[in-house]
Amino acid sequence: MIQIKNIYKQFSGRVVLDGVSLDVHEGETLAIIGRSGSGKSVLMKHMIGLLSPDAGQVYVDGTDINAISYAELRKIRRNFGVLFQGGALFDSMNSFDNVAFPLRTFTHKTESEIALEVQTCLAMVELPDVGPKVPAELSGGMRKRVALARAIALRPKYILYDEPTSGLDPETSNTIDVLIKGLSDRLTVTSIVVTHDMHSVLSIADRAAFIHDGRIHWVGTIKELHRSQDETLRGFVKANEYYIGDSER
Amino acid sequence: MLLFRYLIYEPLELLGRYGQLLFSAFLTLGDVRSYWKNMIHQMVSIGVDSLPIIALAAGFSGMVTTVQTAYQLTSPLIPKYIIGGIVVPTMILELAAVVTGFILAGRVGARIAAEIGTMRVTEQIDALESMGLNSTGYLIVPRILAGILMFPCLYLVAAFVGIGGGAGVGHLMGVISVSEFMEGARLFFNPFDPVFGVIKSVVFGFTITSISCFVGYRTVGGAEGVGRSTTQAAVYSCVFLLVADLVLAITLL
C-alpha cells in the first residue's frame, strides 16, 4: 500500500503540490487525472522517491521512503516497474537487451533463463519479434510496449504509468489500455496511471484521483466519477469530450 | 551582492554538487559487476577510437616543434643534438599530455556530456533510478575509470609518435640526423619526466571525464539543454585542464 500524507512541493517558487494526501490500495488500478502541468507526474515521482517532498511523507508498505538511506530506497524501488512518458528505453541497447537489463542487473539467472523471460515479457505486450530492433526503429506505441515489457520483467508489486497513451493514435491508445488492464489482472499488481485521457481512465481504472490547484480535489471510484456533480471535475471530464452521464445512459 | 553570488556562492555550490555526485558515484566502486561491461565499452570508445586523431595531432606537434627549434638555433656554436634535447623533453613533459588532453576534451568530453545529457532529458536516468540502480555509479564510474586508465596509454602513444615525428622530419629536412636527435634526447633525459607525464595524463583523464559527466548529469531543457551541456563540457574541461597543468607543474617539478 502506498500512502501519501500531506506533501508539499515547489519548483523555483512555483507551488506544484500544495498538501496532497492520497492512499493507493493493494491490487487496485488508480488513475491520477488532471490538466497538463497540474503536478500528476510530480506526484508519481514522489511515490518512488525520484523527487523528495518539501514537507510531508510518502509511505510504501509502511516505510517512509524519505526517511531511509539511499541503499534502502533502492531496495524498495525494486518493487516498482515504471513506464515513463516517452518509454525511456536505453538507446544504446536493442529491445531484447532493454528488457533483459533489469534481469541481468538484479537476478542471478543464466542467459538462457533470461532469454526465456524476455520472450515471455515481450509476448505479454504482444511484440514477440522486436527483440533485435533498437528503440530508434520502433514506433511510439511499440516503444511504450517494449518499455512496459521492461517494467514488468522483475514482476513488480507496483506499476506506475506516466501518460501511457499520450502522443498515440486512438487505436494504439486502446491497445495500450487493453494491455494495462490485462497485465493488472494477470500479474495482480497495484497500478497507478497518470493520465489526462478520460477514455483510458474509464476503461482501465478502479478509482480516480483528480488533482487540481496542487491538491487532490476529488477521489472516488469510477462509478462515483460518473455520478459526481463536482463542477471542476465535470469541467475537466467534459473538456475530454466525455460527458460523465453519457456512458450511463 | 550580485558579485558575491556569481564569484563565490555559485562556484562553491557547483563544487559542492560536483563532490557530492562523485562521492555518490564512487560508493559503488566495489560493485564491479554492475559496470565492468560498460567500462570495457568506454575504454574502447575513449581509448582505442581516439588513437588515430591523437597520433595525428602528436605527430604533427613533434614535427613542428623540431622545425621551429631548428629555426631558432641559428648559432653554429650550439650543437645540433640540442634540438633532440629540447624536442623530446618538451613532448614528454608537456605537449604529449596537453595535446592529448585538449583533443579528448573536445572528442570525449563532449560525447560524454551529450550521452548522459540525452539520457537525462529522455528520462533514461530516471528509468535506471526507478529500477533500484545507482545511476551515478552505473554511468559515471565506468567513464571516469576508463578515462583514468586510457589517458596514460594515449599519452604514451602521443609521446612516442611525437618524438618519432620530430626525429623523422628533422632527418628528412636534413636539419639533424636521427642518431644526433636521439643523442640529444639521451643527454637531457630525466627519468622523472615520463613519470610526471603519466601522472599528468591520469589527472587530465579524471578531470575531463568527471567534469563532462557532471555537466551531462545536470542537463535540463531538452535538445537545447543537451547542446549547451556539450559545449560547456568541452570548455570547462579545457579550462580545468590548463589549471591542473599549472598546479601539477608547480607542485611536482
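Laboratory data are not the source of any read-out in this text; all were calculated from the coordinates shown. In this text the structure is predicted, and so the values were computed from the model without any measurement. Note: ideal-geometry Cβ built from the backbone for every residue, glycine included; neighbour counts use all protein chains shown.
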Would you mind classifying chain A by shape? Square roots of the alpha carbon gyration tensor eigenvalues, ordered a ≥ b ≥ c; an a/c under 1.5 is rounded, otherwise it is prolate if a/b is larger than b/c and oblate if not. oblate
Quick one: work out the % antiparallel among DSSP beta bridges in the protein assembly as shown, nearest 5. 55 percent
Give the shape of segment B:185-242 as rounded, prolate or oblate, defined through the alpha-carbon gyration tensor: a ≥ b ≥ c are the square roots of its eigenvalues, a/c under 1.5 means rounded, and otherwise the shape is prolate if a/b is larger than b/c and oblate if not. prolate
Skipping prolines and chain starts, which residues have an amide H placed within reach, meaning under 5 Å, of the one on A:VAL193, given they are 5 or more residues away or on another chain? A:LEU30, A:ALA31, A:ILE32, A:TYR161
Could you give the distance between the Cα centres of segment B:1-63 and segment A:158-175, to the whole Å? 38 Å
Neighbours of B:ALA234 by Cβ distance under 13 Å: Lys/Arg at +1, Asp/Glu at -1, summed charge +3
Can you give the helix-only mean residue ellipticity at 222 nm for chain A, where every DSSP H stretch with n ≥ 4 adds -39500 (n - 2.57) and the sum goes over all residues, rounded to the nearest 500 deg cm²/dmol? -11500 deg cm²/dmol
Against the longest alpha carbon principal axis of chain A, how many degrees, from 0 to 90 and to the nearest 10, is the axis of helix A:170-187 turned? 80 degrees
Computed over the Cα atoms of segment B:143-211, what is the convex hull's projected area averaged over all directions, in nm²? 5.2 nm²
Cut-off under 5 Å, modelled amide H: who pairs with A:ARG215 long-range: A:ASP18
If you find the alpha carbon centre of segment A:219-240 and of segment A:1-23, how far apart are they in angstrom? 22 Å
For segment A:234-239, in order, what is each residue's ³J(HN,Hα) by Karplus, 6.51 cos²θ - 1.76 cosθ + 1.60 with θ = phi - 60°, in whole Hz (x at glycine and Pro)? 4, x, 5, 5, 4, 4
Inter-probe distance in nm under a simple model that places probes 7 Å from Cα toward Cβ, at B:PHE4 and A:ARG186: 6.2 nm
Most fluctuating of A:PRO132, A:PRO102, A:PRO156 in the GNM of chain A (C-alpha, under 10 Å) is A:PRO132
Taking the Cα-to-Cβ direction at A:ARG234 and at A:ASP91 and moving 7 Å from each Cα, how far apart do the two end points lie in nm? 4.8 nm
Whole-Hz couplings from phi, Karplus 6.51/-1.76/1.60, listed for segment B:128-134; x for Gly and Pro: 4, 5, 5, 6, x, 9, 7
Helix-only CD estimate at 222 nm, as mean residue ellipticity for chain B, using -39500 (n - 2.57) per DSSP H run (n ≥ 4): -25500 deg cm²/dmol
Pairs of Cα atoms farther than 30 Å apart, segment B:7-252, %: 34 percent
Once phi for every residue in segment B:25-35 is put through the Karplus expression 6.51 cos²θ - 1.76 cosθ + 1.60 (θ = phi - 60°), the whole-Hz ³J(HN,Hα) values, with Gly and Pro written as x, are 5, 7, 5, 9, 3, x, 8, 4, 4, 6, 9
Compute the angle between helix B:192-217 and the longest alpha-carbon principal axis of chain B, please, reported from 0 to 90 degrees and rounded to the nearest 10. 30 degrees
Report the label-to-label distance for A:THR110 and B:LEU252 in nanometres (one decimal), using points 7 Å from each Cα along the Cα→Cβ vector. 4.9 nm
I need the semi-axes of the equivalent ellipsoid of segment B:129-253: take the C-alpha gyration tensor, multiply each eigenvalue by 5, square-root it, list largest first in whole angstrom. 39, 16, 14
Classify segment B:1-79 from the C-alpha gyration tensor, please: rounded if a/c falls under 1.5, else prolate or oblate depending on whether a/b exceeds b/c. oblate
Across A:82-90, the residue-averaged tally of Cβ atoms belonging to other chains within 10 Å stands at 5
Convex hull volume of the Cα atoms in the protein assembly as shown, per residue, in Å³? 184 Å³
Efficiency by 1/(1 + (r/R0)^6): what FRET value for A:ASN6 and A:ASP129, r their Cβ-Cβ distance, R0 = 45 Å, to the nearest 0.05? 0.40
Using modelled amide H (1.01 Å from N, peptide plane; none on Pro or chain starts), what sits under 5 Å from the amide H of A:VAL82, excluding residues fewer than 5 places away? A:LEU160
Percentage of interatomic Cα-Cα distances in segment A:1-88 larger than 18 Å: 43 percent
Under 10 Å from the Cβ of B:GLY170, count the other residues' Cβ atoms, weight Lys and Arg +1, Asp and Glu -1, and hand me the total. 0
Restricting to lysines and to Cα separations under 17 Å from A:LYS40, and discarding same-chain partners fewer than 8 apart, the set is A:LYS5, A:LYS9
